[in-house]
Amino acid sequence: LLDRKPRRVLPTESGRILYEHAREILRQVDQAQRQINDLDQLLRGTLLIGASTGPGEHVLPQMLGRFKAGYPQIEIILRILPTDEIISQVLAHELEVGVVGAVEPHAQLQFEPFVQDRLIIIAHPDHPWASGEAVTVQDLVREPFILQQAGAGVRMMLEAGLRSMDLGLADLNVYMEVGLQESIKTAVEAGFGVGIISRFAVRQELRFGTLAEVTVADLPSFRDEFYLVRHLRRKLSRVTETFLEYAQHEVALAAS
């Protein structure tokens, strides 16, 4: 089953075939267990949900906490990964649903609007741009910029916005690339440059004045829609369906 080489072990063709069948068997066992659990009047089981860093760090934790309070028998696991990895895991049936900040169309996937945010440019409160006076995109591309890693929804939206102005990420004066939105906050708070981030992520910092929102006059408005992604051929468990109903209710209340 395995081809052992000096520095690595690779599956043989027989091993690859066995792996694919084993993964399908485990998926069917999991589905059978979920259906059996659904027969119980008391809702129980595991809610495994994936999310990119924006919704995973700033939207879902409180929502999941309140859901857990209403359904204490449910085990909740929140898996936070870049947008493209969440989509790949939903496609591979490793996740039932994910919440991501960008759409990557695929014939087997369905993307539904979940909750709306917007992206903003942030700076240190002592930065000259923190005064509130609008700056231009040409000012922005010259300023040291903290950029999130490839695959992140925030980066995809920024790239699309720049493209609409005949610019690209290569035109930015990138000071560093970081993995998480929390890392963007930390770097900007330390005065290393400016960055683009979900407004959800910096509500407290803007309120207490440890970060400042920058107005860029000619930059497109970034309405950051978080999307629910699911596989069209996968039936959701009762636990996941119940959470999604709860989440839709919460989002509707927040918007009213």
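The values are calculated or read from the model by the stated rules, or taken from the named source; none is laboratory data. Remember, it's a predicted structure, so these values are computed and weren't measured experimentally. Reconstructed Cβ throughout: ideal geometry from the backbone, glycine too, with neighbour counts over all protein chains shown. Keep in mind that these areas ignore ligands, DNA and RNA; they rest on the heavy atoms of the full protein, side chains included. Shrake-Rupley method; radii C 1.70, N 1.55, O 1.52, S 1.80 Å.
Quick notes on this one:
- Heavy-atom accessible surface of the chain: percent carbon and sulfur, 1.4 Å: 52
- Taking the stretch 195-230 and a reference point 7 angstrom along Cα→Cβ of E133, the backbone N atoms nearer than 17 Å belong to 213-218.
- Normalised by residue count, the stretch 61-173 yields a Cα convex hull volume of 161 Å³ per residue.
- Calculated translational diffusion coefficient of the chain (25 °C, 0.890 mPa s; Stokes-Einstein with Kirkwood radius over alpha-carbon pairs) equals 120 µm²/s.
- Relative contact order (%) - criterion: Cα under 8 Å, at least six apart; region: the stretch 75-166: 32
- For D117, distant residues with modelled amide H under 5 Å away: D224, E225, F226
- Inter-probe distance in nm under a simple model that places probes 7 Å from Cα toward Cβ, at E177 and V29: 3.9
- For L232, the accessible surface of its heavy atoms amounts to roughly 90 Å² (probe 1.4 Å, protein chains only, rounded to the nearest 10).
- Between L232 and Q73, full extension at 0.36 nm per residue minus the direct alpha carbon distance yields a gain of 54.5 nm.
- Inter-probe distance in nm under a simple model that places probes 7 Å from Cα toward Cβ, at K5 and A22: 2.0
- At a probe radius of 1.4 angstrom, the accessible area of the stretch 4-158 per residue rounds to 54 square angstrom.
- In order along the stretch 81-92, the phi-based Karplus estimate (6.51 cos²θ - 1.76 cosθ + 1.60, θ = phi - 60°) of 3J(HN,Hα) comes to 8, x, 3, 5, 6, 4, 4, 4, 6, 5, 5, 8 Hz; Gly and Pro are listed as x.
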